Amino acid sequence: MPQRTRIVRPVSHSLSPPRPAAGLAGIRLSQRAPLAWAIPGIVLCLLFHYVAVVAGAWYAFTDWNGLSAPSFIGLANFVEILGNRNALGALVNTLLLASVFVVGCNVVGLGLAIGLHRTLRSRFALRSLFFAPVVMSPLAVAYIWQFILDARGPLNAMLGNLGLRSLQKVWLGDPNIALWSVCLVMIWQFSGLCMAFYLAGLQSIPVELDEAASVDGATASRRFWRITFPLLAPAATVSISMTTILGLRAFDQVMALTRGGPGFASETLATAIFKETFVNGRFGYGAAFALILTVLILLVSAVQLAVLRAREKRL
Amino acid sequence: MKHQTRLGRIASICLAGCALSVLTAGAALAQTQVRLLAPASGSGVGFAAIAEKFNAAQSDVKVEIQRVPSGESYAQAMFTQLQAGAGADLIFTNAGYGAPESMLPLAEAGQLADLTDRAFAAEFPPERVAEYWSDGKLYGLPLSLTNVGLVYNVDLLAQNGLTPPETFEELLALCDKAVSLNKSAVGIAGSSPFYFYEAVAVGTVFVEDPDWSEKRTAGETTFAGTPGWTAAFERVKTMLDRQCFPVGVQAITPPQLFADIAAGNVLMAVGPTTLMGAVVNMNPAITLKMRPFPNDAAERTAAMSVYNDALSVNAKSANQDAAFAFLDYLSQPEQMAEFVKLAGGTAPADAAAGAFPPALEDMVPFYAEGRVHTVPHHAWREPAVRGVLISSGGAFLAGSKTAAEFVADLDAAWK
């Protein structure tokens, strides 16, 4: 009987490893069947996720205004972006915002996770409390913070009442501060997400390891850096990757808090895409920005994942 | 026998039910559904009320309003629908060029139907609404006249023994007075200050040269080459130095501005007539009036307005006749008057007759003397130029751009 029509046998309990298949034709039916079942799903995924993205990318090489027929203009949009100080500023802002967001979010999240891992009796309630902002709409969060950070808002009022007038700022209107005010709001909202990743990581670390080190006289700090921190590597990989993507594509918070301003002080690639496309009606130019952002996220995520996975193996 | 009678009754009821369903379905089939895309606030409220009346008055056409958030979200919805070939039959548009939802770029791309043959077209010739015509064709029904100027809190000024400024120097004097009162003289939506810059530039640029926009389009002049634009930005700088604005003005959004005016934190504000409606909704006890933004001399001050809000018909609509029917209905004076009562602005018939509401009575002399200019950006083909008035305008308010850089940015955006 030919191999492709071989009857599928029950799973063998033999300890010997399965024989490696020689090409697709050599794959046994038991191995091929799941692949065949996945094909419709893969096709739909490609159709609805990736074909649309690739088709959209084509507009990056056109002068499309959203209404008339697009004309192919080669790399002109990309050349214009590279020669535009504001566009490059948006790229730099995106990278800066994402970097500080990733570090801030993970440091705060890790701190919260360690604090709420054991010992505290109210830890379950506190975990919910710190995680709550994650499930809130970024727009709603941004509008609340817009009120808090208003030049005549509660934050400046509180600073004034505490005699700290020198610290009062125009948090959303000062070109030197606006981007970091947005970053602060993002860290406030998403540190609970990092906390959840790190809590999951902490709970997978056997308590015995910590206890044994403690019996051996290791200090709390030494136990953390030598045992806990290395074993949190898988959680860190997930948390850092997720926050990097969130940071690079920041949009809602920026639009609601500063609209990328004042001027271009807090403009990110995502807000630049929106403005060029829907405010200035330059759909082709906006698509070029979008393509840059997509490639940037892909590259950063791939490099980051490779580095973090290598670190996991090393540890 | 009794059983048969009961069966007969049931059969009769079923037959009657079926007949009713068929009749209802027939009526529904005969009725044409028309979709109108409009912003959620302002005009959207007006359209909803008129559509309700229209739907009740006849049974051939049913107008459904699809309301989406105003501003960029509206433009996004409109573009997406048009690109997908699923555009609404009736589309809310803005006059001329300069904004994403502007009518003339849509018309020139073949997206809007020609309305030149409609009866109302005679009321809106190119001499009256040039921003609605392209290649001798009319592309929208003007809904209301929007004035842009200096809105002042009548009672707040009177309580402090102050009068609205007639010259720029008087405005600066009011700024000093406001600081002593622990208030701000002038509120603006600094996060989107294009109307403010245009209001200032009317005095420094357009009073001198009413055809400046046409000359800029023809490449005969530039922003940097026109001293009036730099003068306008220098006036704004002077206002910043004299603390005319609230702290952090560059970050103030329109809703924050409305709240500031409603709470009496600012004596005056610069914005469109729709701003007045929004503030009165927040504080019905407030009395607001509008006058033009003052120039260096009272006799050189001019008003600024445009028939901004419009309704157009999708050129690719399968229900154009039904859409025209609604447009004709809306164009009647009675409906227009009701529309502006809800949506804000001045009805075209009232504007033509100079019959402005009490809040705009200070504007009447300017109309009588013909000292009125159209809002400049409606003549600017490139929306990015208005975008620069917003972005570089915000940076200028924040002190991170100079007037020279600002005018250079405006010229760079003009492709």
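Would you call A:GLY261 surrounded by 22 or more Cβ atoms within 10 Å (Cβ to Cβ), on the phi > 0 side of the Ramachandran plot, in a loop (DSSP other than H, G, I, E, B) and in contact (Cβ under 8 Å) with a residue 40 or more places away in the chain? Walk me through how you get there before you give the answer.
On the way: surrounded by 22 or more Cβ atoms within 10 Å (Cβ to Cβ): yes; on the phi > 0 side of the Ramachandran plot: no; in a loop (DSSP other than H, G, I, E, B): yes; in contact (Cβ under 8 Å) with a residue 40 or more places away in the chain: yes.
Spelling it out, it is not the case that A:GLY261 is surrounded by 22 or more Cβ atoms within 10 Å (Cβ to Cβ), on the phi > 0 side of the Ramachandran plot, in a loop (DSSP other than H, G, I, E, B) and in contact (Cβ under 8 Å) with a residue 40 or more places away in the chain.
Could you list all residues from segment B:353-376 that are assigned to a helix (DSSP H, G or I) and either free of Cβ contacts under 8 Å to residues at least 40 places away in the same chain or crowded, with 16+ Cβ neighbours inside 10 Å (or both)?
Answer for segment B:353-376, where residues must be assigned to a helix (DSSP H, G or I) and either free of Cβ contacts under 8 Å to residues at least 40 places away in the same chain or crowded, with 16+ Cβ neighbours inside 10 Å (or both): B:ALA353, B:ALA359, B:LEU360, B:ASP362, B:MET363, B:VAL364, B:PRO365, B:PHE366, B:TYR367, B:ALA368, B:PRO376.
Check every one of the helices (runs of 4 or more DSSP H) wholly within segment B:166-247 and list those with 3 or more residues that are small (Gly, Ala, Ser) and within 19 Å of B:PRO292 (Cβ to Cβ). Quick ask: steps written out before the conclusion?
On the way: elements: B:168-180, B:194-201, B:212-217, B:227-241.
So the answer is B:227-241.
Mind listing just one residue for me: the one in segment B:78-117 that is buried (at least 18 other Cβ atoms within 10 Å of the Cβ), touching a Leu at 6+ places or on another chain (Cβ under 7 Å) and of a type in the set (Gly, Ala, Ser) and, of those, nearest to the other protein chains (Cβ to nearest Cβ)?
Ranking the candidates gives B:GLY96 first.
What number of residues within segment B:57-112 satisfy the criterion of being assigned to a loop (DSSP other than H, G, I, E, B) and within 30 Å of B:THR217 (Cβ to Cβ)?
Count: 13.
Could you please let me know if A:ASN84 is in contact with a Lys or Arg (Cβ under 8 Å, 6 or more places away or on another chain) and not charged (D, E, K, R)?
no
Take the conditions on the phi < 0 side of the Ramachandran plot, crowded, with 21+ Cβ neighbours inside 10 Å and at pLDDT below 95 and apply them to A:GLY201. Does it pass?
Here the answer is yes, as A:GLY201 does meet what is asked.
Filter segment B:213-237 down to the residues that are open to solvent by less than 50 Å² (accessible area, probe 1.4 Å) and not basic (Lys, Arg) and list them by number.
Keep residues of segment B:213-237 that are open to solvent by less than 50 Å² (accessible area, probe 1.4 Å), which gives B:213, B:216, B:221, B:223, B:226, B:228-233, B:235-236.
B:SER213, B:THR221, B:PHE223, B:THR226, B:GLY228, B:TRP229, B:THR230, B:ALA231, B:ALA232, B:PHE233, B:VAL236 - these are the residues of segment B:213-237 that are open to solvent by less than 50 Å² (accessible area, probe 1.4 Å) and not basic (Lys, Arg).
Give A:ILE187, A:ILE148, A:ILE144 a once-over and let me know the one that is of a type in the set (Val, Ile, Thr) and within 19 Å of the chain's Cα centre (by Cα).
A:ILE187
Among the numbered criteria (1) hydroxyl-bearing (Ser, Thr, Tyr); (2) open to solvent by less than 10 Å² (accessible area, probe 1.4 Å); (3) not in a helix (DSSP H, G or I), which one does B:SER400 miss?
Failed condition: (2).
Select from segment B:258-270 the residues that are more than 12 Å from chain A (Cβ to nearest Cβ) and either buried (at least 23 other Cβ atoms within 10 Å of the Cβ) or in contact with a Gly (Cβ under 8 Å, 6 or more places away or on another chain) (or both) and list them in ascending order.
Residues satisfying the conditions are B:PHE258, B:ILE261, B:LEU267, B:MET268, B:ALA269, B:VAL270.
Run B:TYR132 past the list (1) crowded, with 24+ Cβ neighbours inside 10 Å; (2) modelled with pLDDT under 95; (3) not acidic (Asp, Glu) and report the number of the one that doesn't hold.
For B:TYR132, the failing item is (2).
For residues in segment A:264-283 being of a type in the set (Gly, Ala, Ser) and either more than 8 Å from chain B (Cβ to nearest Cβ) or within 13 Å of A:GLY66 (Cα to Cα) (or both), which is surrounded by the fewest Cβ atoms within 10 Å (Cβ to Cβ)?
Out of the qualifying residues, it is A:ALA270.
Results for (1) away from chain B (no Cβ under 14 Å); (2) open to solvent by 60 Å² or more (accessible area, probe 1.4 Å), shown as yes or no for each residue.
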residue: A:ARG222; (1), (2): yes, yes
residue: A:PRO230; (1), (2): yes, no
residue: A:ILE245; (1), (2): yes, no
residue: A:TYR285; (1), (2): no, no
residue: A:GLN304; (1), (2): yes, no
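Could you give me the residue pairs with C-beta distances under 6 Å whose first residue belongs to segment A:196-213 and is within 14 Å of A:ARG226 (Cα to Cα), whose second residue is assigned to a helix (DSSP H, G or I) and of a type in the set (Lys, Arg) wherever it lies, and which are 6+ apart or on separate chains?
Qualifying pairs under 6 Å: A:ASP210/A:ARG223; A:ALA213/A:ARG223.
The values are calculated or read from the model by the stated rules, or taken from the named source; none is laboratory data. Here the structure is a predicted model, which means the values were calculated and not measured. Cβ atoms come from the backbone with ideal geometry, glycine included; neighbour counts cover every protein chain shown. Heads up: the accessible areas ignore ligands, DNA and RNA and are worked out on the full protein's heavy atoms, side chains in. Shrake-Rupley method; radii C 1.70, N 1.55, O 1.52, S 1.80 Å.
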